[in-house]
1. Under 5 Å between amide hydrogens, which residues at least 5 positions from residue 141 or on another chain qualify, with H placed 1.01 Å from N in the peptide plane?
2. Take 81, 98 and order them by how many other Cβ atoms sit within 10 Å, fewest up front.
3. Taking the Cα atoms of the stretch 43-180 alone, what are Rg (to one decimal) and Dmax (as a whole number) in Å?
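We did not get these values from a lab; they are worked out from the coordinates using the rules stated. Bear in mind that the values here come from a model prediction, so they are computed numbers and not experimental data. We place every Cβ from the backbone using ideal geometry, glycine too, and count neighbours over all the protein chains shown.
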Amino acid sequence: MGLRLTKFAYKKGKMGNEIETNLTFIPERDFHTDKNSSYWLPKDEEEQMRLTGQHFALKELFKGNVLPKVKTRLNFEQGISVLDVGCGSGAWMTDMASDYPNCRYYGCDIVEVANKFVTPRQFTFNIGNVLTGLPYNENTFDFVQIRLLVFALREQEWPVAIQEVLRVTKPGGILQILEPIME
């Protein structure tokens, strides 16, 4: 006996207008329904809290939000354009904006960021999928972060994702990838 997936519409606001969502409902958990994504973790408030905690654990593990060598090559203090692919809760960008307020931050995920109303002024969020094309022009970003997309991409999808991320990275820009080695 497994869990049954069902599509649903939820009521929003006091008027009770039905809004179609891009989520699938499993009792008490919400999931995306993007057919072009293999991401299987929920996208609800509980998951957003877990992702935020995970962000701070990784920050502690790596002694910061940016790998030390990256800091020597890009001028975060002066301000650069930064993209977080698969930004999840937006915790990394919000934390980065606190450290480097002169940068302009862009987050892209397959569903809306749950805490989009508490993000800093220099933050722009877009819905998009790295496998079907990011909603940015070529050579846009000085610094691009990919972190823990191992849960979102199949092995054969990685070359497509990397090619797309490199497309939006400026010449001389840096792509930071933090992924576990899965064997």
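1. Residues meeting the amide H criterion: 169, 170.
2. Ranking 81, 98 by Cβ neighbours within 10 Å, fewest first, gives 98, 81.
3. Values for the stretch 43-180 (Cα only, Rg and Dmax): 13.9, 38 Å.
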